[in-house]
Amino acid sequence: MKKLKEKRFGIDIDGTVTCPTSLVPFINDAFSLNITLEDIKKYDLSEALNIPPDKMRDWFDKTEPEIYASSPLAEGAGAVLSKWQHQFHLLFISARRQHLFDITETWFKDKSIHYDHIELIGSHNKLEAAKQYEVDIFFEDKHDNAVMLAEELCIPVILFNTPYNQDPIPKNVIRVNNWYEADSWVNQWCKTKEIVPLART
C-alpha cells in the first residue's frame, strides 16, 4: 500500500484548475453573443453554440494563448493545491498542445501553483499519460475522459460539476462543485480507501 506522500494525483488544467468560465468572455466578444457558462451544455463548443466547426477551430487556435494566459483559478484551487503540494505528487496532464508549454508554465508561476510535472499531450485521450505516471486519482471536467479513466484504470476520478458534463457517471466518478469539496473527498478517501459519493452537510 502506498504511503500518503507517495500518492500521485493526475490533474487536468482547463475547466478544472482554471475556472470553466474562462472562455466565455472571449466567445461573447468573438461571436457577438451574450452567453453564460450555463448556456454551454456540451463540451464541444461548435455543437453547443451552433457555430461551424472550422470557424470555431480557427478562432480557438488564434485565441488559445490569450485565453490560457488570462484564465482565472477555479474556486478553491489555489488554496487546496497549495495544501496538497506538501502531501501528494501533483502531475498536471492536459490536452493543450506542446507549443503552449511556456504560456502554461508562466501561468502556474504567476498563480503560485506548485507542480511536480506538467504534461501537454495535445489530445483529450489522457489514458496513456495517466498509466505512464501511475496516478492514483484523476481530476477532470470532461465527462467521457472521467468515465474512461475511471473504468480503464479502476481509480477514482473527481469530476468538477459543469453544465456540459451532466451525463450519468459510474460509481468511481465523484462529482464535486469546487476544490474544497474535492479536498473533503480526498481526505475521506485517504482515511478509508472507500470510493463513495461525497457526503454533503
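The values are calculated or read from the model by the stated rules, or taken from the named source; none is laboratory data. Fair warning: this is a prediction, and the values are worked out from it, not measured in the lab. No Cβ is skipped: glycine too gets one built from the backbone with ideal geometry, and neighbour counts run over all protein chains shown. Heads up: the accessible areas ignore ligands, DNA and RNA and are worked out on the full protein's heavy atoms, side chains in. Shrake-Rupley method; radii C 1.70, N 1.55, O 1.52, S 1.80 Å.
Starting from region 93-116, keep only residues that are more than 23 Å from VAL135 (Cα to Cα), then list their pairs with residues that are assigned to a strand (DSSP E or B) whose Cβ atoms are within a distance under 9 Å, requiring at least 6 positions of separation or different chains.
Every condition considered, the pairs that remain are HIS99/LEU120; LEU100/SER94; LEU100/LEU120; TRP107/THR18; LYS111/LEU73.
I'd like the full set of residues that are among the acidic types (Asp, Glu) and part of a loop (DSSP other than H, G, I, E, B), limited to region 1-23.
ASP12, ASP14
Considering only residues that are in a loop (DSSP other than H, G, I, E, B) and either out of contact with any strand residue (DSSP E or B) (no Cβ under 7 Å at 6 or more places or on another chain) or among the hydrophobic types (A, V, I, L, M, F, W, C) (or both), which ones fall in region 121-157?
Once the filter is applied, which keeps residues that are in a loop (DSSP other than H, G, I, E, B) and either out of contact with any strand residue (DSSP E or B) (no Cβ under 7 Å at 6 or more places or on another chain) or among the hydrophobic types (A, V, I, L, M, F, W, C) (or both), region 121-157 yields ILE121, GLY122, SER123, HIS124, ASN125, VAL135, LYS142, CYS154, ILE155.
If you scan region 24-70, which residues turn out to be in a helix (DSSP H, G or I), of a type in the set (Asp, Glu) and without any contact (Cβ under 8 Å) to a residue 60 or more places away in the chain?
ASP29, GLU47, ASP54, ASP58, ASP61, GLU64, GLU66
Anything in region 13-69 that is of a type in the set (Ser, Thr, Tyr) and either more than 30 Å from ALA182 (Cα to Cα) or surrounded by 15 or more Cβ atoms within 10 Å (Cβ to Cβ) (or both)? List them, or say none.
Result: THR16, THR18, THR21, SER22, SER32, TYR43, SER46, THR63, TYR68.
Among the residues of region 86-96, is there at least one that is touching a Ser or Thr at 6+ places or on another chain (Cβ under 9 Å), hydroxyl-bearing (Ser, Thr, Tyr) and more than 21 Å from ILE35 (Cα to Cα)?
yes
Quick test of your reading of the structure: ALA77 fulfils all but one of (1) without any contact (Cβ under 8 Å) to a residue 24 or more places away in the chain; (2) surrounded by 16 or more Cβ atoms within 10 Å (Cβ to Cβ). Name the failing condition by number.
It is condition (1) that ALA77 fails.
Quick test for you: out of VAL157, VAL176, VAL186, VAL196, pick the one residue that is open to solvent by 30 Å² or more (accessible area, probe 1.4 Å) and either over 15 Å from the mean Cα position of the chain (by Cα) or within 30 Å of LEU49 (Cβ to Cβ) (or both).
Among VAL157, VAL176, VAL186, VAL196, only VAL196 is open to solvent by 30 Å² or more (accessible area, probe 1.4 Å) and either over 15 Å from the mean Cα position of the chain (by Cα) or within 30 Å of LEU49 (Cβ to Cβ) (or both).
Give region 98-154 a look and list any residue that's of a type in the set (S, T, N, Q), at pLDDT 95 or above and open to solvent by less than 60 Å² (accessible area, probe 1.4 Å), or say none.
Those that are of a type in the set (S, T, N, Q), at pLDDT 95 or above and open to solvent by less than 60 Å² (accessible area, probe 1.4 Å): THR104, ASN145.
Taking the conditions exactly as written (under 30 Å from LEU49 (Cβ atoms) and in contact with a helix residue (DSSP H, G or I) (Cβ under 6 Å, 6 or more places away or on another chain)), does VAL147 satisfy them or not?
no
May I ask you to verify whether HIS89 is touching a Lys or Arg at 6+ places or on another chain (Cβ under 6 Å), at pLDDT 95 or above and buried (at least 19 other Cβ atoms within 10 Å of the Cβ)?
For HIS89, the condition - touching a Lys or Arg at 6+ places or on another chain (Cβ under 6 Å), at pLDDT 95 or above and buried (at least 19 other Cβ atoms within 10 Å of the Cβ) - is met.
Considering only region 91-106, state which residues are in contact with a Phe, Trp or Tyr (Cβ under 7 Å, 6 or more places away or on another chain) and assigned to a helix (DSSP H, G or I).
Listed by number, the residues that qualify are LEU100, ILE103, THR104.
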